[in-house]
Amino acid sequence: MRRVLDLARRHLRTDVAWLARFSGDHQVIDLVAGDGDLVESLVGYRVDKEQTYCARVLDGRLPAVVPDARADRRTANLPVTRDLGIGSYVGTPVHLDNGELYGMLCALGTEPDPNLGERDVRFLSLLADVLTDTVSAIHRGHADDDHVRSVIGEIIDSGGPTMVFQAMFDLPTHGIVGAEALARFPRFPSPDGLRTAPGSGSSGDPGGRRADGVLSPAQWFEQATSVGLGIDLELAAIRAALAELPRFPRGLALSVNASPATIASGRLTELIDGPSADQVVVEIAEREGNHELPTTLDRLLELRDLGTRIAVDNVGVAYASLRRMVQFLPDVVKMDRWLSMNVGSDAARRALVEALVHFSRQIGATLVAEGIETADELRVLSAAGVDQGQGEFLSPPGPLPLPAHGRCVAVKRSRLAATAMT
């Protein structure tokens, strides 16, 4: 599309050419071709449609070509003429493949051009026809985004997703030490559902691994991020989890998941600040989002000043997680569930676990194994020196109250009974 805009600008000898779409009562410029500061000011430019030349061209108040905008009494006193420095203008409608109006293809010069005429309008109209298929696909994408934004907005406005809690246990003593808050979303958020997306890597959350065409929790957060609601959805989930903190015994920790972008926003610090902040563990989740590392580090210091501990999630299978450990120097290191799988029969996995045990002790961090699903995995991880664990075998995610003890206690009792019998 940019090549089409460049062609329009060169042929009409204007400073810029742009493609704008109509969104409700507004005109939004999505794509601009040209040089200079004007291009930067136009990208994303959003204005009331009634203030634009385009609306006036469509309803007949303006012709499709205005050679001298400052001398033409119909345009000279319009705010947009002054704001954009319009000297000359050519515009033509762009339609979707179903005939519906999408927006306008326009060319703008900062100086008057008496040579602009109807032939230029016809040329621009031909280019608009060329764009029909492309803008139709874009329009469907915007419609999808609007649907996703609406569904996720309703969840945020209603208090956030439903939260369940998976208990974590001290492996040497088998006592419960806290729980991780996990988000759960509607299975069918609308009659048509949300668009599906690829999975987002491994997760210690058993409810986050879906293969039935329904969005997993991780994919819900991906969708939210794609429409600009990622931070808001994360904070809604964290707020819902923190609302349950009074039901936690004073000695137990509540772990919540937050992306670096959410941490960097500063809004998480405000949310956690309170008398129970020292019971909270913030797990830095692997989610997309823009954030500046220095800002994120500053916000982590603020959280630590509140007594909140910092955890790095999904450690051991990706370079990014290892880098985050060095950058953030966490209080808690959470091993990726992949390392727990069949660790008893896989020497390489055991070696990685032992390396993480050593690393965690060197930096003074607690090492947590996620995704423990068998008694053998529990036995091997405990013997390797892993501090804490969580997983389906120990205690599945569920509503509060937390269990008094997990399956590890039952395993210990069965071993004691077996020893007594011998």
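The values are calculated or read from the model by the stated rules, or taken from the named source; none is laboratory data. The shown structure was predicted, so the numbers you read here are calculated from the model rather than taken from an experiment. Methodologically, a virtual Cβ is constructed for each residue, glycine included, from the backbone with ideal geometry; neighbour enumeration extends over all protein chains shown.
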> Residue check: is Val16 under 26 Å from the mean Cα position of the chain (by Cα), surrounded by 14 or more Cβ atoms within 10 Å (Cβ to Cβ) and either among the hydrophobic types (A, V, I, L, M, F, W, C) or in the same structural domain as Ile86 (by TED's automatic domain parsing) (or both)?
Replying inline: no
>> Among the residues that make up the stretch 91-99, is at least one of them among the hydrophobic types (A, V, I, L, M, F, W, C) and either assigned to a helix (DSSP H, G or I) or on the phi > 0 side of the Ramachandran plot (or both)?
In response: no
>> Every residue in the stretch 155-186 that is outside any strand (DSSP E or B) and in contact with a Gly (Cβ under 8 Å, 6 or more places away or on another chain), please.
In response: Leu171, His174
> Among the residues of the stretch 249-308 satisfying the criterion of being in a loop (DSSP other than H, G, I, E, B) and among the polar types (S, T, N, Q), which is modelled with the lowest pLDDT?
Replying inline: Asn290
>> Condition (residue is of a type in the set (Val, Ile, Thr), at pLDDT 90 or above, under 18 Å from Ala107 (Cβ atoms) and assigned to a strand (DSSP E or B)) applied to the stretch 38-59: is it met by at least one residue?
In response: no
> Taking the stretch 330-368, which residues are assigned to a helix (DSSP H, G or I), buried (at least 23 other Cβ atoms within 10 Å of the Cβ) and in contact (Cβ under 8 Å) with a residue 60 or more places away in the chain?
Replying inline: Arg337
> Among the residues of the stretch 219-250, how many are in contact (Cβ under 8 Å) with a residue 24 or more places away in the chain and either closer than 15 Å to Ala183 by Cα or touching a strand residue (DSSP E or B) at 6+ places or on another chain (Cβ under 8 Å) (or both)?
Replying inline: 21
> Met104 passes all but one of (1) surrounded by 12 or more Cβ atoms within 10 Å (Cβ to Cβ); (2) over 19 Å from Asp59 (Cα atoms); (3) assigned by TED's automatic domain parsing to the domain that holds Leu42; (4) within 38 Å of the chain's Cα centre (by Cα); which number fails?
Replying inline: (2)
> Looking at this structure, is Arg73 closer than 21 Å to Thr14 by Cα and not hydrophobic (A, V, I, L, M, F, W, C)?
Replying inline: no
>> Quick check on Ser136: is it surrounded by 15 or more Cβ atoms within 10 Å (Cβ to Cβ) and farther than 17 Å from Ala33 by Cα?
In response: yes
